[in-house]
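Novice: Quick one: this structure, given as structure tokens, is what I'll be asking you about.
The values are calculated or read from the model by the stated rules, or taken from the named source; none is laboratory data. The structure displayed is predicted, hence computed values, not measured ones. Here the Cβ is made from the backbone with ideal geometry for all residues, glycine too, and neighbour counts use every protein chain on show.
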Amino acid sequence: MELVLKLIWFLLPAGAANMAPVFAEKLFPNWSTPIDGGMLFRGQPLFGGHKTLRGLLAGIVVSVFVFIFQRQAYIHVPFVREISFFDYERYSWLPGVLFGVGALGGDLAKSFFKRRLGKNSGVSWFPFDQIDWMIGTLAATAFLFSLDLRSAIALVVLSLALSLFVKWIGFLIKINESPI
């Protein structure tokens, strides 16, 4: 159980970054500049119009705030020290940026390959739609935090399970069109 708590605590900034673009779209509907600027690669959009600067910036900002909250909790709540993979006091806000860039960078990389395979935006690509953010996060934070292979694999599996759960809840409350 302690490992699961550690994993959830570790993925909070990335998970928040991964969900932030959906909320940013509601808050700032008119700011929808695509990250790829409409560029094409072999006749296909590089990422697609749904990958926006608004979402990227929102994800990074939210991730930084979540990381700062975690750092404060680590400093002031003894239990949090027990469920942390690393010493949060060593860092200020930079890991928050890395979590956000990693989560959304993983999503961008997946979107790039999804477009190359001719899959349309919004069409489910299981399991890559569910684990892209965690793989990106692990890649972006690898030089700061050395997780063992067991923990890294557990993070990917947990991110898959949590993504499916959140998507299913969204389907039940009519936010998502499909359960996967």
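Novice: Which of the residues that make up segment 1-56 are among the acidic types (Asp, Glu) and touching a strand residue (DSSP E or B) at 6+ places or on another chain (Cβ under 9 Å)?
Specialist: Within segment 1-56, 25, 36 qualify.
Novice: Do we have residue 67 as among the aromatic types (Phe, Trp, Tyr), closer than 23 Å to residue 132 by Cβ, in contact with a Pro (Cβ under 7 Å, 6 or more places away or on another chain) and assigned to a helix (DSSP H, G or I) here?
Specialist: Taking the combined requirement at face value, the residue satisfies it.
Novice: Hey, can you tell me all the residues within segment 84-136 that are modelled with pLDDT under 95, β-branched (Val, Ile, Thr) and either closer than 14 Å to residue 59 by Cβ or not in a loop (DSSP other than H, G, I, E, B) (or both)?
Specialist: The answer is 131, 135.
Novice: Counting only residues that are assigned to a helix (DSSP H, G or I) and surrounded by fewer than 17 Cβ atoms within 10 Å (Cβ to Cβ), how many does segment 137-150 have?
Specialist: Total satisfying the criteria: 3.
Novice: Assuming residue 14 fulfils every condition listed in (1) aliphatic (A, V, I, L, M); (2) surrounded by 14 or more Cβ atoms within 10 Å (Cβ to Cβ); (3) closer than 17 Å to residue 165 by Cα; (4) more than 14 Å from the chain's Cα centre (by Cα) apart from one, which condition is it?
Specialist: Answer for residue 14: the failing condition is (4).
Novice: Please determine, by comparing only the residues of segment 31-59 that are of a type in the set (S, T, N, Q) and in a loop (DSSP other than H, G, I, E, B), which one is nearest to residue 21 (Cα to Cα).
Specialist: Top of the filtered list is 32.
Novice: Consider residue 10 carefully, then state whether it is within 22 Å of residue 129 (Cα to Cα), among the aromatic types (Phe, Trp, Tyr), outside any helix (DSSP H, G or I) and in contact (Cβ under 8 Å) with a residue 24 or more places away in the chain.
Specialist: For residue 10, the condition - within 22 Å of residue 129 (Cα to Cα), among the aromatic types (Phe, Trp, Tyr), outside any helix (DSSP H, G or I) and in contact (Cβ under 8 Å) with a residue 24 or more places away in the chain - is not met.
Novice: Name the pairs: first residue in segment 69-93 and of a type outside the set (D, E, K, R), second residue part of a loop (DSSP other than H, G, I, E, B) and surrounded by 12 or more Cβ atoms within 10 Å (Cβ to Cβ), Cβ to Cβ under 6 Å, at least 6 apart or on different chains?
Specialist: As it stands, the answer is 74/84; 86/145, since those pairs meet every condition given.
Novice: While we're here: So for segment 41-58 (the condition being modelled with pLDDT under 90 and of a type in the set (A, V, I, L, M)), does at least one residue qualify?
Specialist: Looking for residues that are modelled with pLDDT under 90 and of a type in the set (A, V, I, L, M), one finds at least one in segment 41-58, hence yes.
Novice: Is segment 17-34 home to any residue that is surrounded by 16 or more Cβ atoms within 10 Å (Cβ to Cβ), more than 17 Å from the chain's Cα centre (by Cα), closer than 18 Å to residue 101 by Cα and touching a residue at least 12 places away in the same chain (Cβ under 8 Å)?
Specialist: Checked segment 17-34: at least one residue is surrounded by 16 or more Cβ atoms within 10 Å (Cβ to Cβ), more than 17 Å from the chain's Cα centre (by Cα), closer than 18 Å to residue 101 by Cα and touching a residue at least 12 places away in the same chain (Cβ under 8 Å).
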